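The values are calculated or read from the model by the stated rules, or taken from the named source; none is laboratory data. Keep in mind that what you see is a predicted model, and the values were worked out from it rather than measured. Every residue, glycine among them, receives a Cβ derived from its backbone with ideal geometry; neighbour counts consider all protein chains shown. Areas reflect the complete protein model, heavy atoms only, side chains present, ligands, DNA and RNA absent. Shrake-Rupley method; radii C 1.70, N 1.55, O 1.52, S 1.80 Å.
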Amino acid sequence: MAWFKRHEKGITTPTEDKMDVPKGLWYKSPTGKIIDAEELARNLYVSPEDDFHVRIGSETYFEILFDNNEFVELDKNMTSKDSLHFVDTKKYSDRLKDVTSKTKLNDAVRTAVGKSKGKELVVCCMDFAFIGGSIGGVVGEKIVRGIDHAIQNKLPFVMISKSGGARMMEAAFSLMQLAKTSVKLVQLAEAKLPYISLCTDPTTGGTTASYAMLGDINISEPGALIGFAGPRVVRDTTGKDLPDGFQTAEFLLEHGFLDFISPRKELKDNINLYIDLIQNNDIR
């Protein structure tokens with residue numbers, strides 16, 4: 001026997017009266033778990049079902065690391081220029097305008113200074129939403145200026161990497177940033193100031209070949225993709241099958257490229273712990 005019986009047939013709803021499910025109410029993780037979007041946000045964008053760490057940007061990382069989300073942003077109005085007049089599927093200048101309008105970001109990195117657990121530190125955080133977090137002249141310059149600020153004020157420096165590598169639209173100007181940032185980190189080390197490098201998903205290409213792997217302590221979030229070339233390129237070049245989990249944070253930790261893997265909820269405590277240990281301070 002049916003649970004209910006339709007007495008009228010051919011019932012239809014006018015198009016204007018049909019209701020769509022609003023976008024963004026649910027998030028589906030790569031393992032197929034469905035999570036309420038508000039619950040995901042409350043959990044710092046970590047799936048409570050399978051611990052999958054969803055990609056986040058500088059806004060959320062600053063909220064996690066800085067006390068009461070209070071900080072001063074440095075060089076926030078610095079923007080990229082199309083000095084080479086580069087054109088691929090569209091003009092680089094047009095691409096910059098479009099992505100700036102879409103993301104409300106001026107470039108792929110933001111630098112801020114503020115207190116974390118009561119003590120000041122400088123944080124540079126990349127945004128993958130801005131042309132894949134690619135490294136251009138502005139990215140390199142803002143990182144260098146952030147390090148300069150740390151040296152001048154004797155503050156620890158934290159770099160949060162999330163990038164596809166060098167920005168091809170700036171050609172050699174982009175590649176120069178790898179050396180430029182690496183040299184500046186040597187000056188930070190000479191000043192005996194801590195540098196914590198946090199690799200998030202993804203950290204690849206020139207980012208990995210420079211500042212992302214030069215930390216006094218290199219850490220990562222669980223499951224992050226970290227490498228130089230992609231798995232397909234590595235496989236084709238070496239002619240060998242790659243092991244399971246190749247280029248994941250867990251694989252790199254096992255092979256000595258990372259010091260620790262830190263869940264997002266523990267980032268603030270762990271980063272400040274490492275800074276206190278390096279500087280031989282009382283543990284906060």
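Full extension of the chain between residue 171 and residue 39 yields a length gain of 43.3 nm, computed as 0.36 nm times the residue separation minus the alpha carbon distance. In the context of the full set of protein chains, the range 125-278 has a per residue accessible area of 42 Å² (1.4 Å probe).
Computed from point charges on the beta carbon alone (+1 for Lys and Arg, -1 for Asp and Glu), the dipole magnitude for the range 148-248 about its Cα centre is near 200 Debye. In units of the compact-protein estimate 2.2 N^0.38 Å, the range 62-101 shows a Cα radius of gyration of 1.75.
Here the relative contact order of the range 136-284, from alpha carbon pairs under 8 Å that lie six or more residues apart, stands at 20 percent. For the range 171-188 versus the range 196-255, the inter-centroid distance based on Cα atoms is 20 Å. The dipole here belongs to the chain: it is taken about the Cα centre, uses +1 on the Cβ of Lys and Arg and -1 on the Cβ of Asp and Glu, and is about 640 debye. Specify whether the C-alpha gyration tensor of the range 162-204 places it in the rounded, prolate or oblate class, a ≥ b ≥ c being the square roots of the eigenvalues: rounded for a/c under 1.5, otherwise prolate if a/b is larger than b/c and oblate if not. In terms of gyration-tensor shape, oblate.
How about residue 154: which lysines have a C-alpha closer than 16 Å to its C-alpha, ignoring those fewer than 8 places off in the same chain? Once the sequence-local lysines are set aside, what remains near residue 154 is 115, 119, 184, 192. Please list, or write none, the lysines whose alpha carbon is within less than 16 Å of the alpha carbon of residue 91, excluding same-chain residues fewer than 8 places away. Within the straight-line cut-off, residue 91 pairs with 81. Beta-bridge orientation, the chain: approximately 50 percent antiparallel, per DSSP, counting only bridges with both partners inside. Determine the shape class of the range 184-232: with a ≥ b ≥ c the square roots of the Cα gyration tensor eigenvalues, call it rounded for a/c under 1.5, and otherwise prolate if a/b is greater than b/c, oblate otherwise. In terms of gyration-tensor shape, oblate. Taking label positions 7 Å along the Cα-Cβ direction at both residue 152 and residue 73, the computed distance is 2.0 nm, reported to one decimal. State whether the range 28-161 is rounded, prolate or oblate according to the following rule on the C-alpha gyration tensor (a ≥ b ≥ c being the square roots of its eigenvalues): a/c under 1.5 gives rounded; otherwise a/b larger than b/c gives prolate, and the remaining case gives oblate. Taking the square roots of the gyration eigenvalues as a ≥ b ≥ c, the range 28-161 is oblate.
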